[in-house]
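Right, one structure below, let's go through it.
The values are calculated or read from the model by the stated rules, or taken from the named source; none is laboratory data. Just so you know, these numbers come straight off a predicted model, no measurement behind them. Methodologically, a virtual Cβ is constructed for each residue, glycine included, from the backbone with ideal geometry; neighbour enumeration extends over all protein chains shown. Accessible surface is based on the protein model in full, side chains and every heavy atom, while ligands, DNA and RNA are left aside. Shrake-Rupley method; radii C 1.70, N 1.55, O 1.52, S 1.80 Å.
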Amino acid sequence: MASTVQILRHFVSHVFSEQEQCRNQRPASMGKVKAQNTRTKEAFADAVDQEVRALDKWCAAREEAMCRAWGGATSEPFSSSSSLEAAENLVISLLGTEKALHDIFQRTFEVLFDVVQSVYPETDTSAPSTSNRVRRSAATTSADLLDHLFATVQAHMERREDITVSALLRVFVRSAEPIWGMMGKWLRDGMGLGMSIGSGDASGIWELDEEFFIESSGLGVGLVGIGLLDPEYWKEGYILREGVVAFDGDGEDAKERRQKTIPQFLEHVAIPVLSAGKAIGLLRALGVPLSSITVGDGAEEWRSFKDLVASSSAADQTGQTSRDTLFSVSIDILSRMIYDRLLPRCDAAGALLAQVLVEDCGLWNHLSSIEDLFLMRRGDAMSHFTDVLFAKMDMQQSWGDFHFLNTAFRDVVDASVNVGAKAWIQPPLVRLSYRGGKDKDRSISRTVKALDALTVEYAVPFPLTYIFQPTALQVYGEVFILLLQIRRAKGVLERILVRGEARAAKLRNELKGFYAMRSRLSWFINTLLNFLTTYVVHAQVLKFHDVFREAKSLDEMVQLHDDHLEKIRGRCLLKPNTSSLNRAILSILDMALHFTDIFVSFAGNTTTTHDVSRQSISFRRHRSRRRRQQRHNTIGFSQSIRDLRDSSDEDDDDDIENAQAPEPSFSANTSASYVEEGFQARMAKMSSELDGLVRFLRRGVESLAGGTGEAAPAYGVLAFALEDWDI
């Protein structure tokens, strides 16, 4: 034991000398001197030193007792320590001394020596050394030390070595004090705003210790950084130090390995502590007084780790000495005690921030506006806007003009407000733009994929940008484009309406085939649109609102909203694993546009198309000036046939190598091919292709409906509806 204790003394001396050397170098240096030791290592060395001093005190008292016994002084106790027997009962022998030493300390110093050797193998405890066999971060080393102490306490507690366990717990508690203090500072000050670098600056980044398990990622920091205003700052600004890389060896022989940086006894509270600190920092930035955070049962006061353990131990045990009572708490009780102590504090900060977002930041108003716009839940206004947009497309005019898109949307919103409806959105926050160029703009008569280049942006105010992040708005945009594409195909089909008597019986008979094809296309498109609006958007939004109202923190709000969008995206068949089904849907929508071209080419008169949303037009020989003017302004599709002859579809270059859906054959047809192939033959071929696409889609949806996921019932609704295709 003497050799072991001497090595521990050298270890303590080595740590303290490095600490003193670092302290002396710091004033002379203009920059920040990186300490070789961590605060946890210094606290551990101090705890070991106290245990060694306890041994020295016992040895001194034992020696005093022996001297008194040799001198015949047997009337007084030889020491004030109650753990030693009276001098008159002392028996001097090596075996007795060894037994007394073991009874007082058991295997405390052997275990501490093993911990030192395991955690700090680079430190030569017998003499100063420059060995650098293992290079590890400060956080990794501190977590490794506390985990070793934690595991050692558990192992010896199972062996019923109470004295060793008591000593190890004392060392463990003193070693954990620095990390515990860092947690207290984090929960008091919160995260920095990321606007500048400096310590103690309310607008900067708090300087977190390198051994703390929370770190700043540096997001938004720098000359062009926007700090707290960055939408990703909440998620990425401050993160847990996980997966830190450690290197064993030097040079080319160094091997990389990953080590965690969160002590085991704090793993269950690391995420709540991280979230609470971020919430406190954001509340401070919003000007909310932190005194509004109310925690019951005296949890507002931050106590030292030693006092926390002592209070829990004293509450559960009585009749023991203060020394035993202070550190006789078990590991399970310790973990539960930390969780119960910190959780109310963390929940209170998160709940206050959620309340501020709802009451002061207009969270629900912006959420409703986003859903009404992107998910088209505002049916009347969005239908009016799509009518204006589609009318521009039908007139073969440039519908992607930035000024036209935003003016039309603003006029639609103003019109809905003027009729007495409540304002449902703020037009200045919305910006529509088209980034596909003029060629793709004109291709809208051939494919609904031309709408892919239409982007809708919503200027979400801070701090709601943490919930409605750019990636989330991008998903909303994908759903918006899909619904718009379906509405476009639906509107084109509804314009095919013939009034008056056909001039030949042959024309009437052939029109029956066209109307049968139109009916099949309209049935599928209406079925799909009803499924998406009713069983996907409406049903999922209602479920989301119910759980979103119960959210108690910003992290929970972000997670619920992200999950909500992923569910909608999946049920709309917009995920990569359902890309083939999405291509089949787009092919059917393009078929609706192509069918209209064929119909116009066959009828040979643009007046055979009609917009059912406008006043009906009857074909008569004698018409008034107003009727002739309406006829003159009626939009046809003959121009699209000429455009199709002169240009190619830009989406022909799409990567369809892995496509499984049947490919339609109408993408490159022109009006000349209609005559050569024959309209009836072309209609029969198109009908066959439509049947193959619908059946392919139905098989895919039935496969999804047969799964065990949460979305299976929703897919089952669409699969059941598509069964009527064969009727």
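Roughly how many Å² of residue 333 are accessible to a 1.4 Å probe, to the nearest 10?
Its accessible surface works out to 70 Å², give or take rounding.
Using the Cβ atoms and a cut-off under 10 Å, what net charge is assigned to the surroundings of residue 278, where Lys and Arg are +1 and Asp and Glu are -1?
In short, 0.
Arrange the residues 471, 40, 294 by how much accessible surface each exposes, largest first, with a 1.4 angstrom probe.
294, 471, 40
How large is ³J(HN,Hα) for each residue in the range 270-283, as worked out from phi by the Karplus curve 6.51 cos²θ - 1.76 cosθ + 1.60 (θ = phi - 60°), to whole Hz, x for Gly and Pro?
Per residue, the Karplus-derived 3J(HN,Hα) values read 5, 5, x, 5, 4, 5, 5, x, 5, 5, 5, x, 5, 4 Hz.
Leaving ligands, DNA and RNA out of it, report the carbon-plus-sulfur percent of the accessible area of the range 150-191 at a 1.4 Å probe.
Taking all protein chains in place, the range 150-191 shows 48 percent carbon and sulfur surface.
Step through the table entries 235/552; 449/512; 41/260, compare each Cα-Cα distance with 19 Å, and write down the pairs that go over it.
Table pairs above 19 Å Cα-Cα are 449/512.
Accessible area, 1.4 Å probe, largest first: how do 215, 207 sort?
Ranking 215, 207 by accessible area, largest first, yields 207, 215.
Quick one: which residues, 5+ away or cross-chain, put their amide H under 5 Å from the amide H of residue 496? H built at 1.01 Å from N.
Here the answer is 610, since their amide H atoms fall under 5 Å of that of residue 496.
Which net charge results for the neighbourhood of residue 109, defined as the other residues with beta-carbon distances under 11 angstrom from its beta-carbon, given Lys and Arg at +1 and Asp and Glu at -1?
Summing Lys and Arg as +1 and Asp and Glu as -1 gives -1.
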